[in-house]
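Data first, discussion second: the structure below is written as structure tokens.
Every number here is computed from the coordinates shown, using simple stated rules; none is lab data. This structure is a prediction, so every number in the text was calculated from the model and none was measured. Glycine also receives a Cβ, built like all others from the backbone with ideal geometry; neighbour counts cover every protein chain displayed.
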């Protein structure tokens, strides 16, 4: 840790000028440093990043909760939520079509409202992702404890958390292509068993399951809506890697919309199979139970490992996306240039990756992430709202050619308007404690921003 802090201090003093210089109207070559990010992410890799950003631990515990609230109508809640979220995703697809540089929401907010708002947007999304990886790795170890009892021991748990986060960090430092290959493998390992499970469950389908005759009386509409909507957040991670994506103005919008539509269908079918076989409303591991019913004990084990691979894939996508946020913030001058240092051999934002690994590891073993995670969903809704509001400004600033080639939104700003209402309504469902944590994040982020601004101005004063 001392060596890490010393490197941090020395690199701040050097303040290496890395300028990738790509913006929404033109691209400039890198200057001040001969190392730059490589565009190694194609359509398939971008789609897998979206998929892994969305599918984590949630779907493995959600079916029983939804059945408790909505009964036989519960699968259709995913269709409704997917229809709402596609409005948000479609708006972000339009935003992505204006930019080629790394940063995603950070760049959108900065272009629309200036560096301070851009920093806060990126900071909130970054904190949400750091707490998410800390929480997910803990859940992953808990799943491993089903097949290896010693995994629940404190010492072994810390070691496993270190190996998982450290391993993902090393893979990312070695190159974005290797990181995407790891994502591809994890995607295969988590999707194929689910598809097999669904195929086995089709025999139990019946007309009354597919077309329920009664509309449910949901006790807590707000909480249920949030529960489903939050299974669709995380798609923005793929946008952060625009600087390493081939033809990002075309690739990212297509990957976003296509993948979210496919995931909506997957969620719908999973819930259909669950309620068709033998649903219970108090099952903490509903898909494990479903696997056991369809394939016996071996099915339960397969689903446990599928959940492990699913959470690993989600964590891997975070380790790809989150460091690019701090990289983009440093490129923008909002964080010390240390965060934008690119590894000369592997052409990856190594310092930002190391910082994320250390930060998320400390949160994961301390348990403080539980308190931080309360506000992570709220912060995403507000960050999404800022980006949506930035779209008209970005469109107005863009040159005619960029505007002509951007993703088209039917009805002008109708879709962004609906997307904004959805995000704000979701935010209003959050508790007062969530807002308190969010305000704390904003205050802390503002201090970092202004301290860094003061430090950067000091030499010229």
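Tell me, what are the semi-axes, in whole angstrom and largest first, of the equivalent ellipsoid of the stretch 38-453 as set by the roots of 5 times the Cα gyration tensor eigenvalues?
33, 26, 20
Could you sort 186-196, 45-55 so that the peptide with the highest average Cβ count within 10 Å comes first and the rest follow in order?
Per-residue Cβ counts within 10 Å, averaged per peptide and sorted highest first, yield 45-55, 186-196.
Taking a cut-off of 16 Å, what percent of all Cα-Cα pairs in the stretch 399-450 are separated by more than that?
66
For the stretch 144-203, just say rounded, prolate or oblate: build the C-alpha gyration tensor, square-root its eigenvalues into a ≥ b ≥ c, call rounded for a/c under 1.5, and beyond that prolate if a/b exceeds b/c, oblate if not.
It is oblate, given that a/c is not under 1.5 and a/b is not larger than b/c.
Taking only the C-alpha atoms, wrap a convex hull around the stretch 66-166 and report its volume per residue in Å³ as a whole number.
Residue-normalised Cα hull volume stands at 176 Å³.
Two decimals, Cα atoms only, Kirkwood Rh: what is Rg/Rh over the stretch 80-132?
1.03
Sort 443-449, 86-92 by packing, meaning the average of other beta carbons within 10 Å per residue, with the highest value first.
Taking the mean over residues of other Cβ atoms within 10 Å, the ranking is 86-92, 443-449.
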